[in-house]
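The structure appears right after this line, and notes come after that.
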């Protein structure tokens, strides 16, 4: 197996995060205009449906001069019983990179181990590193640095896990408020606390939403019911009702705080319309930055 780079977790790029963010901003500003991936192809495996991940990677490859192949569950033998190892080895003979958006994080680890080309985690049940990179790009654009306080409210899910890691690597204080039983992954939380000893970031995980949001420069939330949790819908709605981001909660944050959401959003559940459509919201800029961050990831891994 030849030497290659992968992005399966934020931890895989812990030393390169600033470099990738700088690339993303340069792409956005039009400072890189060549076609560095001309003649290269990216296989995009989607077991979970997507809007932003699919479009950003597809357009990103096109703008970098490359080609992308959308492969849904119905397009592959992988989800009909073919071993991951066979799929990985065969695709490695056809393409120059693989992006996969799926449920089980272990499947992505196995795909990476068996593939000879770079593998990108487009989302698993454990992490969403591509989203976290775009989010940090947005914070850097809006705030100019990572010196403030980041507040995450809601489900300690894959997005939360990646944000917990990337914020502490960048030295940004993070406070996470979740209901009991919905905390971020324990191993990732422990890793973040160890990172914070080196970077000076303050890491707080609490069940008290007001404490998390008080004085925050960034307030972030995600849906209460992610894909795969639909059978828990009513229970989750009851458990998360006190964790809604509304105008009263935003008043506890810094006066110039921004509101972020990775989308899609359910207005009236995890966030009210007055907040997500209000002046503090940067969700559309945040969504746009998925394209620029993805281009930076592709450039970093495949150039």
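Derivation of every value follows stated rules applied to the coordinates shown; laboratory data play no part. It should be emphasised that the depicted structure is a prediction, and the values quoted were computed from it without experimental measurement. Quick reminder, even Gly has a Cβ in these numbers, built from the backbone with ideal geometry, and neighbours come from all protein chains shown.
Please state the shape class of the range 6-157: rounded when a/c is under 1.5, otherwise prolate if a/b exceeds b/c and oblate if not, all from the C-alpha gyration tensor. It is oblate, given that a/c is not under 1.5 and a/b is not larger than b/c. Nearest 10 degrees, 0 to 90: what angle lies between the long axis of helix 105-114 and the longest principal axis of the chain (Cα atoms)? So the inclination is approximately 30 degrees. Under 10 Å, Cα contacts only: if you run a Gaussian network model on the chain, which one of 51, 221, 199 comes out with the highest mean-square fluctuation? Ranking 51, 221, 199 by mean-square fluctuation puts 51 first. Cα-based values for the chain, radius of gyration first and Dmax second, are 18.8, 55 Å. The share of alpha-carbon pairs in the range 136-246 lying farther apart than 18 Å comes to 47%. Once you've got the GNM for the chain with C-alpha springs shorter than 10 Å, pick whichever of 227, 136, 172 has the biggest mean-square fluctuation. Judging by the Gaussian network model, the answer is 227.
Using alpha carbons only, how many degrees (0 to 90, rounded to 10) separate the axis of helix 17-28 from the longest principal axis of the chain? Value to nearest ten degrees: 80.
Over the residues of the chain, the helix contribution to mean residue ellipticity at 222 nm works out to -12500 deg cm²/dmol, using -39500 (n - 2.57) for each DSSP H run of at least 4.
Once both labels are positioned 7 Å from their Cα atoms along Cα-to-Cβ, the gap between residue 35 and residue 14 label points is 3.9 nm.
Taken along the Cα-to-beta-carbon direction at a fixed 7 Å, the label points for residue 69 and residue 267 span 4.1 nm.
Net length available on complete extension from residue 50 to residue 26 is 6.1 nm, with 0.36 nm assigned per residue and the Cα-Cα distance removed.
To the nearest ten degrees, helix 283-302 and the longest principal axis of the Cα atoms of the chain are 30 degrees apart.
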